[in-house]
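The values are calculated or read from the model by the stated rules, or taken from the named source; none is laboratory data. What you are looking at is a predicted structure, and each value in this text was computed from that prediction instead of being measured. Glycine gets a Cβ as well: all are built from the backbone with ideal geometry, and neighbour counts include every protein chain shown.
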Amino acid sequence: MPETPSRERRSVRRLLPWLPAPPPEGLRDVRAFFVVVTVVLCLLYAFVVRSAPGLRGWWLALVTALWAAHVALYWLSPRISQDRRLAVGYFFVQGLLVGAILALAPNPALPLGLTAGLIGEAVGMLAGSAWRVPVVALLAGGAVLGQAHVSGWAEIPTWLAVAVPIVFFVVVYVTLFTRQVEAKARAQGLLAELEKAHRELTDYAGQVEDLTLAAERQRLARELHDTLAQGLVGTILQLEAVQAHLENGHPERASDLLRQAQSRAREALAQSRRAIDDLRGGIAGNGDLATEVKLEVDRFAAATGLPCTFRVDGEVGEWSPAVREHVVRIVAEALGNIACHASAATVAVAIQAAETGLVLALRDDGAGFTPSASLESGHWGLVGMRERARLCGGRLEIESAPGQGCEVRVWLERSRSGS
(Lines give C-alpha, C1' and ligand atoms only; values in the text may rest on other atoms or scores of the structure.)
Protein backbone atom coordinates (compact mmCIF):
# COMPACT_ATOMS: atom_id res chain seq x y z
CA MET A 1 0.00 0.00 0.00
CA PRO A 2 1.42 3.44 -0.89
CA GLU A 3 2.00 5.76 1.98
CA THR A 4 -0.33 8.74 2.47
CA PRO A 5 1.48 12.03 1.75
CA SER A 6 2.36 13.92 4.88
CA ARG A 7 0.90 17.35 5.72
CA GLU A 8 4.23 18.95 4.94
CA ARG A 9 4.38 17.36 1.50
CA ARG A 10 0.82 18.50 0.69
CA SER A 11 1.75 22.04 1.77
CA VAL A 12 4.68 22.08 -0.63
CA ARG A 13 2.51 20.97 -3.51
CA ARG A 14 0.01 23.71 -2.72
CA LEU A 15 2.77 26.31 -2.65
CA LEU A 16 4.49 25.22 -5.85
CA PRO A 17 2.13 23.05 -7.90
CA TRP A 18 3.99 23.78 -11.14
CA LEU A 19 6.91 21.80 -9.78
CA PRO A 20 6.84 17.96 -9.93
CA ALA A 21 5.85 16.82 -6.41
CA PRO A 22 8.62 18.46 -4.29
CA PRO A 23 9.92 16.42 -1.37
CA PRO A 24 9.35 17.49 2.26
CA GLU A 25 12.87 18.86 2.43
CA GLY A 26 11.92 21.54 -0.15
CA LEU A 27 9.30 23.13 2.10
CA ARG A 28 11.79 25.40 3.89
CA ASP A 29 13.17 26.62 0.56
CA VAL A 30 9.69 27.35 -0.81
CA ARG A 31 8.63 29.26 2.24
CA ALA A 32 11.96 31.03 2.32
CA PHE A 33 11.46 32.31 -1.24
CA PHE A 34 8.08 33.86 -0.43
CA VAL A 35 9.27 35.14 2.93
CA VAL A 36 12.28 36.85 1.33
CA VAL A 37 10.06 38.45 -1.32
CA THR A 38 7.62 39.63 1.37
CA VAL A 39 10.38 41.08 3.56
CA VAL A 40 11.93 42.90 0.59
CA LEU A 41 8.58 44.35 -0.43
CA CYS A 42 7.80 45.45 3.14
CA LEU A 43 11.16 47.19 3.43
CA LEU A 44 10.61 48.78 0.04
CA TYR A 45 7.17 49.97 1.18
CA ALA A 46 8.64 51.55 4.32
CA PHE A 47 11.33 53.25 2.24
CA VAL A 48 8.78 54.67 -0.22
CA VAL A 49 6.52 55.98 2.55
CA ARG A 50 9.43 57.63 4.36
CA SER A 51 10.79 59.24 1.17
CA ALA A 52 7.40 60.69 0.14
CA PRO A 53 6.15 63.08 2.89
CA GLY A 54 3.10 64.00 0.84
CA LEU A 55 1.92 60.38 0.78
CA ARG A 56 -0.71 60.62 3.53
CA GLY A 57 -4.39 60.00 4.22
CA TRP A 58 -6.50 58.32 1.57
CA TRP A 59 -3.62 58.46 -0.87
CA LEU A 60 -1.47 56.38 1.51
CA ALA A 61 -4.37 54.03 2.21
CA LEU A 62 -4.84 53.40 -1.51
CA VAL A 63 -1.13 52.74 -2.05
CA THR A 64 -1.08 50.45 0.98
CA ALA A 65 -4.10 48.49 -0.33
CA LEU A 66 -2.50 48.07 -3.75
CA TRP A 67 0.76 47.03 -2.12
CA ALA A 68 -0.99 44.50 0.12
CA ALA A 69 -2.81 43.07 -2.91
CA HIS A 70 0.50 42.78 -4.72
CA VAL A 71 2.06 40.82 -1.82
CA ALA A 72 -1.06 38.66 -1.32
CA LEU A 73 -1.03 37.62 -4.96
CA TYR A 74 2.51 36.31 -4.50
CA TRP A 75 1.24 33.89 -1.86
CA LEU A 76 -1.79 32.95 -3.95
CA SER A 77 0.22 32.41 -7.12
CA PRO A 78 0.73 28.64 -6.58
CA ARG A 79 -3.01 28.05 -6.67
CA ILE A 80 -3.42 30.30 -9.72
CA SER A 81 -0.54 28.59 -11.55
CA GLN A 82 -2.47 25.31 -11.83
CA ASP A 83 -4.02 26.81 -14.99
CA ARG A 84 -1.49 28.33 -17.40
CA ARG A 85 -4.05 30.78 -18.76
CA LEU A 86 -4.78 32.02 -15.25
CA ALA A 87 -1.04 32.25 -14.67
CA VAL A 88 -0.65 34.60 -17.64
CA GLY A 89 -3.57 36.63 -16.34
CA TYR A 90 -1.92 36.68 -12.92
CA PHE A 91 1.14 38.45 -14.30
CA PHE A 92 -1.06 40.87 -16.22
CA VAL A 93 -2.86 41.82 -12.98
CA GLN A 94 0.45 42.09 -11.12
CA GLY A 95 1.75 44.38 -13.87
CA LEU A 96 -1.30 46.60 -13.51
CA LEU A 97 -0.77 46.77 -9.72
CA VAL A 98 2.87 47.74 -10.20
CA GLY A 99 1.86 50.43 -12.72
CA ALA A 100 -0.77 51.81 -10.35
CA ILE A 101 1.70 51.93 -7.45
CA LEU A 102 4.24 53.74 -9.62
CA ALA A 103 1.60 56.24 -10.71
CA LEU A 104 0.49 56.96 -7.13
CA ALA A 105 3.95 56.88 -5.52
CA PRO A 106 6.70 57.44 -8.10
CA ASN A 107 10.05 56.37 -6.67
CA PRO A 108 13.29 55.32 -8.44
CA ALA A 109 13.50 52.15 -6.34
CA LEU A 110 10.05 50.85 -7.28
CA PRO A 111 10.45 49.65 -10.91
CA LEU A 112 13.28 47.23 -10.06
CA GLY A 113 12.01 46.37 -6.58
CA LEU A 114 8.51 45.47 -7.74
CA THR A 115 9.38 43.61 -10.97
CA ALA A 116 12.53 41.62 -10.06
CA GLY A 117 10.55 39.13 -7.97
CA LEU A 118 7.85 38.88 -10.64
CA ILE A 119 10.43 38.12 -13.33
CA GLY A 120 11.93 35.34 -11.17
CA GLU A 121 8.47 33.96 -10.41
CA ALA A 122 7.56 33.95 -14.12
CA VAL A 123 10.69 31.95 -14.92
CA GLY A 124 9.64 29.25 -12.43
CA MET A 125 5.86 29.33 -12.80
CA LEU A 126 5.83 29.31 -16.62
CA ALA A 127 8.64 26.77 -17.04
CA GLY A 128 8.07 24.78 -20.21
CA SER A 129 5.38 27.18 -21.43
CA ALA A 130 5.51 29.23 -24.61
CA TRP A 131 4.34 32.21 -22.55
CA ARG A 132 7.45 32.39 -20.39
CA VAL A 133 9.61 34.47 -22.76
CA PRO A 134 6.85 36.97 -23.71
CA VAL A 135 5.80 37.47 -20.08
CA VAL A 136 9.39 37.97 -18.88
CA ALA A 137 10.03 40.37 -21.77
CA LEU A 138 6.89 42.40 -20.99
CA LEU A 139 7.77 42.60 -17.29
CA ALA A 140 11.32 43.72 -18.09
CA GLY A 141 10.05 46.25 -20.64
CA GLY A 142 7.51 47.57 -18.16
CA ALA A 143 10.26 48.02 -15.57
CA VAL A 144 12.36 50.00 -18.06
CA LEU A 145 9.40 52.21 -19.00
CA GLY A 146 8.52 52.74 -15.33
CA GLN A 147 12.09 53.70 -14.52
CA ALA A 148 12.19 56.09 -17.49
CA HIS A 149 8.94 57.66 -16.25
CA VAL A 150 10.36 58.17 -12.76
CA SER A 151 14.01 59.07 -13.50
CA GLY A 152 14.10 59.96 -17.19
CA TRP A 153 15.73 58.14 -20.08
CA ALA A 154 19.13 59.59 -19.31
CA GLU A 155 19.36 57.46 -16.16
CA ILE A 156 18.40 54.21 -17.88
CA PRO A 157 21.99 53.06 -18.68
CA THR A 158 23.04 53.51 -15.05
CA TRP A 159 19.89 51.83 -13.87
CA LEU A 160 20.40 48.89 -16.20
CA ALA A 161 23.95 48.43 -14.87
CA VAL A 162 22.42 47.80 -11.44
CA ALA A 163 19.15 46.10 -12.47
CA VAL A 164 20.53 43.50 -14.86
CA PRO A 165 22.83 41.77 -12.28
CA ILE A 166 20.05 41.77 -9.69
CA VAL A 167 17.48 40.30 -12.07
CA PHE A 168 20.08 37.81 -13.31
CA PHE A 169 20.73 36.70 -9.74
CA VAL A 170 16.99 36.26 -9.09
CA VAL A 171 16.51 34.25 -12.30
CA VAL A 172 19.51 32.03 -11.56
CA TYR A 173 18.30 31.43 -8.02
CA VAL A 174 14.81 30.46 -9.19
CA THR A 175 16.21 28.23 -11.97
CA LEU A 176 18.62 26.43 -9.64
CA PHE A 177 15.93 26.04 -7.01
CA THR A 178 13.51 24.60 -9.58
CA ARG A 179 16.12 22.13 -10.80
CA GLN A 180 16.93 21.12 -7.23
CA VAL A 181 13.29 20.40 -6.47
CA GLU A 182 12.90 18.51 -9.75
CA ALA A 183 16.00 16.43 -8.95
CA LYS A 184 14.61 15.61 -5.51
CA ALA A 185 11.28 14.69 -7.06
CA ARG A 186 13.00 12.41 -9.59
CA ALA A 187 15.01 10.81 -6.82
CA GLN A 188 11.85 10.15 -4.86
CA GLY A 189 10.20 8.78 -7.99
CA LEU A 190 13.14 6.46 -8.58
CA LEU A 191 13.04 5.39 -4.94
CA ALA A 192 9.32 4.62 -5.25
CA GLU A 193 9.98 2.63 -8.44
CA LEU A 194 12.82 0.79 -6.71
CA GLU A 195 10.56 -0.10 -3.80
CA LYS A 196 7.88 -1.26 -6.21
CA ALA A 197 10.43 -3.35 -8.12
CA HIS A 198 11.66 -4.80 -4.82
CA ARG A 199 8.11 -5.80 -3.89
CA GLU A 200 7.57 -7.33 -7.33
CA LEU A 201 10.86 -9.23 -7.09
CA THR A 202 9.81 -10.52 -3.68
CA ASP A 203 6.51 -11.70 -5.16
CA TYR A 204 8.30 -13.28 -8.12
CA ALA A 205 10.73 -15.00 -5.77
CA GLY A 206 7.78 -16.48 -3.89
CA GLN A 207 6.24 -17.67 -7.14
CA VAL A 208 9.55 -19.19 -8.28
CA GLU A 209 9.88 -20.92 -4.92
CA ASP A 210 6.37 -22.35 -5.26
CA LEU A 211 7.08 -23.51 -8.81
CA THR A 212 10.38 -25.02 -7.69
CA LEU A 213 8.67 -26.92 -4.89
CA ALA A 214 6.01 -28.17 -7.31
CA ALA A 215 8.68 -29.28 -9.79
CA GLU A 216 10.61 -31.06 -7.04
CA ARG A 217 7.43 -32.83 -5.90
CA GLN A 218 6.80 -34.00 -9.46
CA ARG A 219 10.39 -35.15 -9.83
CA LEU A 220 10.30 -37.02 -6.54
CA ALA A 221 7.02 -38.65 -7.54
CA ARG A 222 8.58 -39.81 -10.83
CA GLU A 223 11.65 -41.15 -9.09
CA LEU A 224 9.70 -43.06 -6.45
CA HIS A 225 7.31 -44.43 -9.04
CA ASP A 226 10.10 -45.49 -11.38
CA THR A 227 12.28 -47.01 -8.65
CA LEU A 228 10.11 -48.45 -5.90
CA ALA A 229 7.01 -49.14 -7.99
CA GLN A 230 8.83 -50.53 -11.01
CA GLY A 231 11.20 -52.51 -8.81
CA LEU A 232 8.34 -54.06 -6.88
CA VAL A 233 6.43 -54.86 -10.07
CA GLY A 234 9.46 -56.57 -11.58
CA THR A 235 10.14 -58.50 -8.39
CA ILE A 236 6.50 -59.63 -8.17
CA LEU A 237 6.56 -60.82 -11.77
CA GLN A 238 9.74 -62.77 -11.19
CA LEU A 239 8.38 -64.32 -7.98
CA GLU A 240 5.24 -65.36 -9.82
CA ALA A 241 7.40 -66.96 -12.47
CA VAL A 242 9.38 -68.72 -9.74
CA GLN A 243 6.17 -70.13 -8.30
CA ALA A 244 5.03 -71.31 -11.73
CA HIS A 245 8.33 -73.12 -12.38
CA LEU A 246 8.23 -74.77 -8.99
CA GLU A 247 4.70 -75.98 -9.62
CA ASN A 248 5.78 -77.33 -13.01
CA GLY A 249 8.80 -79.14 -11.54
CA HIS A 250 11.56 -76.88 -12.85
CA PRO A 251 13.59 -76.07 -9.72
CA GLU A 252 16.71 -75.04 -11.64
CA ARG A 253 14.83 -72.42 -13.64
CA ALA A 254 13.03 -71.28 -10.50
CA SER A 255 16.38 -70.88 -8.74
CA ASP A 256 17.74 -68.73 -11.56
CA LEU A 257 14.68 -66.47 -11.49
CA LEU A 258 14.89 -66.24 -7.71
CA ARG A 259 18.46 -64.98 -7.94
CA GLN A 260 17.34 -62.45 -10.59
CA ALA A 261 14.53 -61.32 -8.30
CA GLN A 262 16.98 -60.83 -5.45
CA SER A 263 19.30 -58.83 -7.69
CA ARG A 264 16.43 -56.69 -8.96
CA ALA A 265 15.20 -56.04 -5.42
CA ARG A 266 18.67 -54.92 -4.34
CA GLU A 267 18.96 -52.66 -7.38
CA ALA A 268 15.52 -51.13 -6.70
CA LEU A 269 16.50 -50.55 -3.08
CA ALA A 270 19.75 -48.84 -4.10
CA GLN A 271 17.95 -46.65 -6.65
CA SER A 272 15.31 -45.71 -4.10
CA ARG A 273 17.95 -44.72 -1.58
CA ARG A 274 19.66 -42.53 -4.14
CA ALA A 275 16.35 -40.92 -5.06
CA ILE A 276 15.50 -40.19 -1.44
CA ASP A 277 19.00 -38.97 -0.59
CA ASP A 278 19.56 -36.54 -3.47
CA LEU A 279 16.34 -36.67 -5.56
CA ARG A 280 18.36 -37.95 -8.46
CA GLY A 281 19.12 -41.62 -9.06
CA GLY A 282 20.82 -41.00 -12.40
CA ILE A 283 22.40 -43.55 -14.66
CA ALA A 284 26.09 -42.73 -14.54
CA GLY A 285 29.04 -43.88 -16.49
CA ASN A 286 29.60 -44.20 -20.23
CA GLY A 287 27.07 -46.99 -20.89
CA ASP A 288 25.52 -47.41 -24.31
CA LEU A 289 21.82 -46.52 -24.64
CA ALA A 290 21.01 -49.55 -26.79
CA THR A 291 22.79 -51.86 -24.33
CA GLU A 292 20.89 -50.47 -21.37
CA VAL A 293 17.55 -50.75 -23.18
CA LYS A 294 18.39 -54.36 -24.20
CA LEU A 295 19.23 -55.19 -20.58
CA GLU A 296 15.79 -53.94 -19.51
CA VAL A 297 14.16 -55.96 -22.31
CA ASP A 298 16.02 -59.12 -21.26
CA ARG A 299 14.91 -58.66 -17.67
CA PHE A 300 11.32 -58.30 -18.81
CA ALA A 301 11.50 -61.41 -21.00
CA ALA A 302 13.10 -63.48 -18.23
CA ALA A 303 10.56 -62.34 -15.64
CA THR A 304 7.41 -62.77 -17.75
CA GLY A 305 8.39 -65.49 -20.21
CA LEU A 306 6.86 -63.42 -23.02
CA PRO A 307 8.60 -63.48 -26.40
CA CYS A 308 10.23 -60.06 -26.73
CA THR A 309 12.29 -59.04 -29.72
CA PHE A 310 14.80 -56.20 -29.74
CA ARG A 311 16.16 -54.55 -32.87
CA VAL A 312 18.50 -51.60 -33.49
CA ASP A 313 18.66 -49.92 -36.89
CA GLY A 314 21.47 -47.46 -37.41
CA GLU A 315 24.17 -46.09 -35.15
CA VAL A 316 22.70 -45.07 -31.80
CA GLY A 317 25.80 -43.19 -30.71
CA GLU A 318 26.47 -41.62 -27.33
CA TRP A 319 23.82 -39.93 -25.23
CA SER A 320 24.12 -38.10 -21.95
CA PRO A 321 23.50 -39.98 -18.67
CA ALA A 322 20.34 -37.97 -18.04
CA VAL A 323 18.87 -38.88 -21.44
CA ARG A 324 19.79 -42.56 -21.00
CA GLU A 325 18.14 -42.56 -17.58
CA HIS A 326 14.89 -41.07 -18.85
CA VAL A 327 14.74 -43.42 -21.86
CA VAL A 328 15.42 -46.54 -19.77
CA ARG A 329 12.78 -45.43 -17.24
CA ILE A 330 10.26 -44.98 -20.07
CA VAL A 331 11.07 -48.45 -21.43
CA ALA A 332 10.79 -50.00 -17.97
CA GLU A 333 7.43 -48.34 -17.32
CA ALA A 334 6.05 -49.35 -20.72
CA LEU A 335 7.17 -52.99 -20.28
CA GLY A 336 5.78 -53.02 -16.75
CA ASN A 337 2.41 -51.85 -18.06
CA ILE A 338 2.47 -54.59 -20.70
CA ALA A 339 3.19 -57.23 -18.06
CA CYS A 340 0.46 -56.00 -15.70
CA HIS A 341 -2.34 -54.92 -18.02
CA ALA A 342 -1.87 -55.90 -21.66
CA SER A 343 -2.27 -59.76 -21.60
CA ALA A 344 -0.01 -59.69 -24.65
CA ALA A 345 1.42 -62.69 -26.49
CA THR A 346 4.38 -60.93 -28.11
CA VAL A 347 6.34 -57.74 -27.52
CA ALA A 348 8.69 -55.93 -29.89
CA VAL A 349 11.15 -53.16 -29.04
CA ALA A 350 13.03 -51.28 -31.78
CA ILE A 351 15.38 -48.32 -32.02
CA GLN A 352 15.59 -46.46 -35.32
CA ALA A 353 18.68 -44.23 -35.16
CA ALA A 354 19.77 -41.41 -37.43
CA GLU A 355 22.27 -38.54 -37.34
CA THR A 356 19.67 -36.10 -36.02
CA GLY A 357 18.26 -38.38 -33.31
CA LEU A 358 16.34 -41.59 -32.86
CA VAL A 359 12.91 -43.15 -32.46
CA LEU A 360 12.33 -45.83 -29.87
CA ALA A 361 9.17 -47.91 -30.33
CA LEU A 362 7.57 -50.56 -28.08
CA ARG A 363 4.77 -52.65 -29.59
CA ASP A 364 2.55 -55.35 -28.07
CA ASP A 365 -0.45 -57.31 -29.35
CA GLY A 366 -2.39 -57.15 -26.10
CA ALA A 367 -5.77 -55.86 -25.02
CA GLY A 368 -5.01 -52.21 -25.73
CA PHE A 369 -6.69 -49.23 -24.13
CA THR A 370 -7.86 -45.65 -24.74
CA PRO A 371 -4.87 -43.33 -24.03
CA SER A 372 -6.94 -40.22 -23.30
CA ALA A 373 -9.15 -42.06 -20.82
CA SER A 374 -6.10 -43.53 -19.07
CA LEU A 375 -4.53 -40.08 -18.65
CA GLU A 376 -7.75 -38.64 -17.24
CA SER A 377 -8.12 -41.52 -14.76
CA GLY A 378 -4.82 -40.70 -13.04
CA HIS A 379 -2.35 -43.27 -14.43
CA TRP A 380 0.80 -41.62 -13.11
CA GLY A 381 3.06 -43.98 -15.04
CA LEU A 382 1.88 -42.55 -18.37
CA VAL A 383 2.17 -39.02 -17.00
CA GLY A 384 5.73 -39.73 -15.86
CA MET A 385 6.63 -41.15 -19.29
CA ARG A 386 5.44 -37.98 -20.99
CA GLU A 387 7.33 -35.80 -18.49
CA ARG A 388 10.55 -37.77 -19.02
CA ALA A 389 10.24 -37.46 -22.80
CA ARG A 390 9.71 -33.70 -22.44
CA LEU A 391 12.75 -33.39 -20.13
CA CYS A 392 14.81 -35.09 -22.85
CA GLY A 393 13.73 -32.43 -25.31
CA GLY A 394 11.63 -34.96 -27.22
CA ARG A 395 8.06 -36.17 -27.29
CA LEU A 396 6.13 -39.35 -26.52
CA GLU A 397 3.27 -40.77 -28.58
CA ILE A 398 0.91 -43.55 -27.53
CA GLU A 399 -1.17 -45.27 -30.20
CA SER A 400 -3.66 -47.78 -28.89
CA ALA A 401 -7.29 -48.85 -28.93
CA PRO A 402 -9.22 -51.56 -27.09
CA GLY A 403 -8.45 -54.95 -28.61
CA GLN A 404 -5.75 -53.60 -30.97
CA GLY A 405 -2.63 -53.66 -28.83
CA CYS A 406 -0.46 -50.66 -28.08
CA GLU A 407 2.55 -48.88 -29.53
CA VAL A 408 4.63 -46.37 -27.58
CA ARG A 409 7.03 -44.15 -29.54
CA VAL A 410 9.69 -41.85 -28.12
CA TRP A 411 11.16 -39.23 -30.47
CA LEU A 412 14.51 -37.69 -29.51
CA GLU A 413 16.57 -35.03 -31.29
CA ARG A 414 20.23 -34.58 -30.49
CA SER A 415 20.12 -30.78 -30.79
CA ARG A 416 17.34 -30.55 -28.17
CA SER A 417 18.16 -33.40 -25.80
CA GLY A 418 21.54 -32.11 -24.68
CA SER A 419 23.20 -35.35 -25.78
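Taking only pairs six or more apart or across chains, which ones have beta-carbon atoms under 8 Å, a first residue in the range 299-325 that is of a type in the set (A, V, I, L, M, F, W, C), and a second residue that is crowded, with 17+ Cβ neighbours inside 10 Å and in a loop (DSSP other than H, G, I, E, B)?
From residues that are of a type in the set (A, V, I, L, M, F, W, C), the pairs are F300/L306; L306/A344; W319/S419; A322/C392; V323/C392; V323/S419.
Select, from R311, R390, the only residue that is over 21 Å from A301 (Cα atoms) and either basic (K, R) or in contact with a Cys (Cβ under 8 Å, 6 or more places away or on another chain) (or both).
R390
Would the range 280-294 turn up any residue that is in a helix (DSSP H, G or I), touching a His at 6+ places or on another chain (Cβ under 8 Å), modelled with pLDDT of 80 or more and not β-branched (V, I, T)?
no
From the list G128, G120, exactly one residue is in the same structural domain as Q94 (by TED's automatic domain parsing), out of contact with any Leu (no Cβ under 9 Å at 6 or more places or on another chain), under 18 Å from S77 (Cα atoms) and without any contact (Cβ under 8 Å) to a residue 12 or more places away in the chain. Which is it?
G128
If you go through the range 143-160 one residue at a time, do you hit one that is under 24 Å from G89 (Cβ atoms) and surrounded by 19 or more Cβ atoms within 10 Å (Cβ to Cβ)?
For the range 143-160, residues under 24 Å from G89 (Cβ atoms) and surrounded by 19 or more Cβ atoms within 10 Å (Cβ to Cβ): present.
Restricting to the range 74-106, count the residues that are farther than 19 Å from L41 by Cβ and over 60 Å from the mean Cα position of the chain (by Cα).
Final tally of qualifying residues: 0.
Do you know which of the residues in the range 83-101 that are modelled with pLDDT under 85 and among the hydrophobic types (A, V, I, L, M, F, W, C) is nearest to L118 (Cα to Cα)?
The selected residue is F91.
Any residue at all in the range 184-193 that is modelled with pLDDT under 75 and either under 21 Å from the mean Cα position of the chain (by Cα) or in a helix (DSSP H, G or I) (or both)?
Within the range 184-193, one or more residues are modelled with pLDDT under 75 and either under 21 Å from the mean Cα position of the chain (by Cα) or in a helix (DSSP H, G or I) (or both).
Looking at the range 349-419, what helices (runs of 4 or more DSSP H) fall wholly within it and have at least 1 residues that are modelled with pLDDT of 85 or more and within 37 Å of the chain's Cα centre (by Cα)?
380-391
Output the residues belonging to the range 318-342 that are modelled with pLDDT under 85 and in contact with a strand residue (DSSP E or B) (Cβ under 7 Å, 6 or more places away or on another chain).
Answer for the range 318-342, where residues must be modelled with pLDDT under 85 and in contact with a strand residue (DSSP E or B) (Cβ under 7 Å, 6 or more places away or on another chain): just A342.
Please count how many residues of the range 48-73 are modelled with pLDDT under 80 and either in a helix (DSSP H, G or I) or under 60 Å from the mean Cα position of the chain (by Cα) (or both).
0
Filter the range 107-117 for residues that are outside any loop (DSSP other than H, G, I, E, B) and more than 50 Å from the chain's Cα centre (by Cα); which is farthest from V49 (Cα to Cα)?
T115
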